[in-house]
Amino acid sequence: MLQYDYEQSIGYWIMGASQEIQRALNEELAAQGITYRQWEVLALTSVKGEQSQSELAEQMRLEAPTLVGVLDRMERDGWIVRVTDPKDRRRKIIRPTEQVAPAWSRMIECARRIRARATEGIDPEDLETVRRCLLKVRDNLAGSRRPVITPNNSSPEVAAKAADDAS
């Protein structure tokens, strides 16, 4: 049998918590007729601005053809448009439309409910410590690989939205 001390693994702790948050959010969103992947597309564009399909696929850890199906449905429903990048005609930029606002409001309500459930009984000072530690873990692993956008290094508008919308 393969042995590993998972109880002492920060990755195990983070992944377990992340999976439970994703599962709970997925259940809440499904009750609203929204998929977790649709949430991810909109959340990423909310935090990081308009992006190309390939950039979104990379951030979502999806193969491009899988993301295309999600984007096709979102475009069909009027939630996004694909705009040709004026600098590179092969590149499509994903832009949310005003029509998505009611669904986005429901998604934010779901995220806030999950955040409240996830943090129930945790002292605000402990939550701040967790936040600082996880940012440090992320920064340690990202290293010089690529810049990581956080509320501390983004515009005030993006930082405020990210802080308000994060779950």
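Among the candidates V158, V100, V148, which residue alone is at pLDDT 90 or above and of a type in the set (A, V, I, L, M, F, W, C)?
Only one candidate qualifies: V100.
Go through segment 1-59 and count every residue that is touching a Cys at 6+ places or on another chain (Cβ under 6 Å) and within 28 Å of K92 (Cα to Cα).
The qualifying residues number 1.
All but one of (1) under 19 Å from A111 (Cα atoms); (2) hydroxyl-bearing (S, T, Y); (3) in a loop (DSSP other than H, G, I, E, B) hold for S46; which doesn't?
The failed condition is (3).
Is it the case that some residue within segment 83-94 is under 30 Å from E20 (Cβ atoms) and open to solvent by less than 30 Å² (accessible area, probe 1.4 Å)?
yes
Can you pull out the residues in segment 95-128 that are open to solvent by 90 Å² or more (accessible area, probe 1.4 Å), closer than 19 Å to Q22 by Cβ and in a helix (DSSP H, G or I)?
Hits for segment 95-128 are E109, R112, R113, R117.
On the basis of being outside any helix (DSSP H, G or I), free of Cβ contacts under 8 Å to residues at least 60 places away in the same chain, aliphatic (A, V, I, L, M) and loosely packed, with under 12 Cβ neighbours inside 10 Å, does L2 make the cut?
Against the criterion (outside any helix (DSSP H, G or I), free of Cβ contacts under 8 Å to residues at least 60 places away in the same chain, aliphatic (A, V, I, L, M) and loosely packed, with under 12 Cβ neighbours inside 10 Å), L2 qualifies.
Do we have any residue at all in segment 31-49 that's touching a Ser or Thr at 6+ places or on another chain (Cβ under 7 Å), over 17 Å from G78 (Cα atoms) and open to solvent by less than 80 Å² (accessible area, probe 1.4 Å)?
no
Only residues that are touching a residue at least 40 places away in the same chain (Cβ under 8 Å) and open to solvent by 50 Å² or more (accessible area, probe 1.4 Å): list them for segment 50-82, please.
The one that is touching a residue at least 40 places away in the same chain (Cβ under 8 Å) and open to solvent by 50 Å² or more (accessible area, probe 1.4 Å): E50.
The values are calculated or read from the model by the stated rules, or taken from the named source; none is laboratory data. As the structure is a computational prediction, the values presented were derived from the model and not from experiment. Every residue, glycine as well, gets a Cβ built from its backbone with ideal geometry; the counts of neighbours run over all protein chains shown. Areas reflect the complete protein model, heavy atoms only, side chains present, ligands, DNA and RNA absent. Shrake-Rupley method; radii C 1.70, N 1.55, O 1.52, S 1.80 Å.
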